[in-house]
1. When a footprinting reagent is the concern and you count Cβ atoms within 10 Å, what order do 74, 152, 217 take, fewest first?
2. If you wrap region 62-101's Cα atoms in a convex hull and average its projection over all directions, what's the area in nm²?
3. Residue 95 to residue 204: extension gain in nm, 0.36 nm per residue of separation minus the Cα-Cα distance?
4. Say each of residue 213 and residue 59 gets a label point 7 Å from the Cα, pointing the same way as Cα to Cβ; how far apart are those two points in nm?
5. Would you mind calculating the relative contact order of region 62-101 from Cα pairs under 8 angstrom and at least 6 residues apart, reporting the percent as a whole number?
6. Region 122-235: percent of C-alpha pairs farther apart than 24 Å?
7. With contacts defined as alpha carbon pairs under 8 Å and 6 or more residues apart, what's the relative contact order of region 112-281 in percent?
8. Just the Cα atoms of region 100-160: what Rg and Dmax do they give in Å?
């Protein structure tokens, strides 16, 4: 009996009758079973399906490990679609469709608000800066005055240990009341320094623009902005640039200070909320 006919007969007896040219991948098998559980002239491939013997059919299917970093529904090279996922912390399509990657984070809000006494005018109702609810942390600034430093901390990030930090982006919704001016005096990042909150670097990303009279979102930093941690901060902390552990720490956050440079009129600085987003990637495992 010819080989093809023997294979067809075996297929009929064990798997149900199929045409003589049935396709690769039609039957499931166990590649670790130690014996061939496929129709004659087929072998059990590493993906757990019966495939044509390479003597008769040279097509050798690729598994997900060979197709990495591609993910999702993929052709195994032999006309069969396999569904490939990603090992944590990678996820499919995080940074590019159909590719395993990680980052960026979602925007997160702080859970801790605090002030230090450096400056002239205190902040009031500081916990109102923790949520987007049209309730404001405020600083009443006299002509020529400036505010204390408002600290917004503990953003609850869970950046994977393997991640490389590419940049940090802040969003601040703020406004002013009164006829005076309100401007950023300084916008810095904070980080943990031996159990205390400390300034991350000397790079001030404050904007030289007057705060508007209606709530407006202002961005600081971006996908590649390290906030000085890759240059000036090296003199302060040799462990820089940023690590995931530093960003995940409760003492990581924003320091905000405002000023009123108007010659005679007062103004009130108002902050509704401040959020941070971390841009990062994970090197291939």
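1. Placing the least packed residue first, the sequence is 217, 74, 152.
2. Computed as one quarter of the Cα hull surface, the answer is 2.4 nm².
3. Residue separation times 0.36 nm, minus the Cα-Cα distance, leaves 36.3 nm.
4. If labels sit at residue 213 and residue 59, their model points lie 7.2 nm apart.
5. This gives 35 percent for region 62-101.
6. Taking all Cα-Cα pairs of region 122-235, the fraction more than 24 Å apart is 31 percent.
7. 39 percent
8. Considering region 100-160 through its Cα atoms, Rg and Dmax are 15.3, 54 Å.
Every read-out reported here was derived from the displayed coordinates using simple, explicitly stated rules and does not represent laboratory data. Values in this document were obtained by computation on a predicted structure and should not be read as measured data. With ideal geometry, Cβ positions are generated from the backbone for all residues, glycine too; neighbour counts draw on all protein chains shown.
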